Every structure is written in structure tokens, then in C-alpha cells.
Amino acid sequence: MTFEELKKIPFRYVCHLAMEDEHCTTYISEDGRIGFCDHVKYKNGQPTKRVIRHWQIDGIVYETTPKFIEALKEFNPKIIPIRKGNFK
């Protein structure tokens, strides 16, 4: 899958966590296989301008977009993974 194909996938809002020093907002695809979480640091009650995005594919978290894009190249939405044990 390419990043352009990813842009066509609809994501839905899952949750928002507001802490004193950070806010996190999570979104997931309709099939639940791809998701992302946006982290915004707060200082003195005000958000900083930088947003950190973590991606996940089938429960594996990618902390950088380049690593996510590499994993996305091998992602096939038609193949459902077999998961053993606990979800990550």
C-alpha cells in the first residue's frame, strides 16, 4: 500500500486523553488494522506547536513516519493477520 492509498482510507475518532502536560487523540481505520495517535505537549496550560504522531499497523506501533511508510509498503489490506496471545 502507498501513502496515497492510505489517504483514501476513512478513519474514525476513538478517544482523547487530556493530561496536564500532554493531550493524545486516537483515530483508527474502519477495519481496525491501521491507526494513529497525535500527541501534543502542553506547557503552562498552553499547547506547544509540535504534534508527534505515532502510527500502528495490526498492533505494531511505529514512532516515526518513515518507519511507518516502510511497513505500509508491505501491508496488504486483503490479508488478515493471525494474532497469538495478547494484543499489543
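A few remarks follow.
- With helices as the sole contributors, the chain gives -4000 deg cm²/dmol at 222 nm; each DSSP H run of n ≥ 4 counts as -39500 (n - 2.57), and the sum is divided by every residue.
- Loop-located chymotrypsin sites (Phe, Trp or Tyr not before Pro) across the range 3-41 with a Cβ neighbour count of 14 or fewer within 10 Å are lacking, with loop assigned by DSSP.
- Sparse-neighbourhood loop sites, GluC sites (Glu not before Pro) in the range 40-82 - DSSP loop, at most 13 other Cβ within 10 angstrom: GLU63
- Count of lysine pairs in the chain with Cα separation under 28 Å (8 or more residues apart, or interchain): 21
- Candidate values (i) 15.4, 45; (ii) 14.5, 46; (iii) 14.9, 51 were compared with Rg and Dmax of the Cα atoms in Å computed on the shown model; the agreeing label is (ii).
Bear in mind these aren't lab numbers, they're just calculated from the coordinates by the rules spelled out. Everything quoted here is computed from the prediction, not taken from an experiment. Here the Cβ is made from the backbone with ideal geometry for all residues, glycine too, and neighbour counts use every protein chain on show.
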